[in-house]
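Data first, discussion second: the structure below is written as structure tokens.
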Amino acid sequence: LCAYVIAPVDVSETWWFGFAQEHDYRQGGAPAAGDRIANYTEYRVLRMVYDLLRDPISLPADPERVYVSGFSMGAGGALAFALRYPNVFAAAYASKPMTNYLEGGGWLGTVTPKWGRTTLALPVEIAGPAGWADPLQPYNGLAVYAWQNHQENLRTRLGDEMVPFGLAQALNDTSIPWASQGAPMAGALTASRHAWGGVITENGHVWDAYAGLPPTLQPDGDKAPFAGLQARRSETVPALTNGSADLTVSPNITPTTVGGYNQTLRWSSSWDAWDGAPIDTAAKYQISLCGGGRGCRCQPVRDGRDADCRRDAQAGTELPHCGWSDLPVAESRVPGGELVDSGQVQADAAGPPHRAPVRGVATGQPPGDSAGPLPLSSTLEITTVGGGRA
């Protein structure tokens, strides 16, 4: 497998975003009222990707398979790219990222010369090559510390596309503070209704080798992430949350122990087609799900029956007892392929019609060891109403 690697360096430590248009931070001081904070660093990274896709130095680069990952300050950048540029990246990974710069503790002093004092709330100026930043134009003028608050953006930008990603954070991280940067993220991510996976560790401030990716995006047998660099940007992926094996999440409960989120349900995809490629059309989205994570041997749904997880809803309303993309692993065990729920779904007013809430999916008990029985699997099917991608 051949791949290009772009490894930029944020020499000025702009946290992979940018700096003021009028103030030269190299001369000391900080931006004044009336200045704007442009995404210069972010733009330059995007331009590197754009130039490579447009004019590769050797073999063509596939625009469907562009990925971003980072550690520490780079993780903050990777997370920002994931939340902002689903039209560029197919998947992302952030190991120990900063998630809310306003609560950055001692790190706040590193951004004040570039972004100004927090009380100034200087506005952002967002641009990108090839029209990549066009979907973000409604956020031009937002205060920079609000735009760089990824926790809040996950909760409020519910109608925006985002890149499926994984992240890792540590309870004992002495560099990126757990209390302000790690603890609030599980609730924010669960509320976001987007595809993600994560792990919480006690290994301090070290790189986690893609441990937090959801199973279908985890490294393959050759340790290449994003399932062997085969995950595709245009393929719909499920946002799976509230699994029975997940750590507890609620607005008032933050993680206090090591564990994971969305690490057990593996979905069939074009690059991990253990039950065939998904049906991914404007009218129908169908995948198979298997419990046990990437290490399990998932068996296809053999009896020809679909676990059709659809439910009736009126336009502009949330379904009772159904969160968007809320697919908890059922406590009961059902035979592979058995019907879980049926009906139709339609996205509510919080976002576009390519997302729809479904109630639940049951999967079999994962095998206790390699000689144990194969885990059971179920098929999830979503039919959209009123157009749009599934």
Test for Trp274: is it in contact (Cβ under 8 Å) with a residue 12 or more places away in the chain, out of contact with any Pro (no Cβ under 9 Å at 6 or more places or on another chain) and not aliphatic (A, V, I, L, M): no
Kindly check whether there is at least one residue in the stretch 53-70 that is touching a residue at least 60 places away in the same chain (Cβ under 8 Å) and exposed (fewer than 14 other Cβ atoms within 10 Å of the Cβ). yes
Could you check the stretch 119-163 and list, in sequence order, the residues that are farther than 17 Å from Ala92 by Cβ and charged (D, E, K, R)? Glu125, Asp134, Glu152, Arg155
Listed residues Tyr210, Tyr145; which is surrounded by 17 or more Cβ atoms within 10 Å (Cβ to Cβ) and over 16 Å from the mean Cα position of the chain (by Cα)? Tyr145
Return the total of residues in the stretch 184-219 being within 18 Å of Leu265 (Cα to Cα), of a type in the set (A, V, I, L, M) and in a loop (DSSP other than H, G, I, E, B). 3
Considering only residues that are over 14 Å from the mean Cα position of the chain (by Cα) and within 9 Å of Asp272 (Cβ to Cβ), look in the stretch 213-227 and name the one that is surrounded by the most Cβ atoms within 10 Å (Cβ to Cβ). Ala227
Test Thr99 against the criterion of being of a type in the set (S, T, N, Q) and crowded, with 23+ Cβ neighbours inside 10 Å, and give yes or no. yes
Any residue that is over 22 Å from the mean Cα position of the chain (by Cα), among the acidic types (Asp, Glu) and either surrounded by fewer than 21 Cβ atoms within 10 Å (Cβ to Cβ) or at pLDDT below 95 (or both) - is there at least one of those in the stretch 125-139? yes
Can you find a residue in the stretch 194-204 that is of a type outside the set (Val, Ile, Thr), in contact (Cβ under 8 Å) with a residue 40 or more places away in the chain and touching a Gly at 6+ places or on another chain (Cβ under 6 Å)? yes
Output for the stretch 220-230, where each listed residue is assigned to a loop (DSSP other than H, G, I, E, B), touching a helix residue (DSSP H, G or I) at 6+ places or on another chain (Cβ under 6 Å) and at pLDDT 95 or above: none
Which residues, counting only those in the stretch 241-281, are touching an Asp or Glu at 6+ places or on another chain (Cβ under 9 Å), modelled with pLDDT under 90 and closer than 14 Å to Gly187 by Cα? Thr241, Asn242
Could you pull out the residue among Val49, Val88, Val111 that is out of contact with any Pro (no Cβ under 9 Å at 6 or more places or on another chain), surrounded by 18 or more Cβ atoms within 10 Å (Cβ to Cβ) and β-branched (Val, Ile, Thr)? Val111
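The values are calculated or read from the model by the stated rules, or taken from the named source; none is laboratory data. Predicted model only: the values in this text are computed from it and were never measured. So basically every Cβ, Gly included, is an ideal-geometry build from the backbone, and we count neighbours across all protein chains shown.
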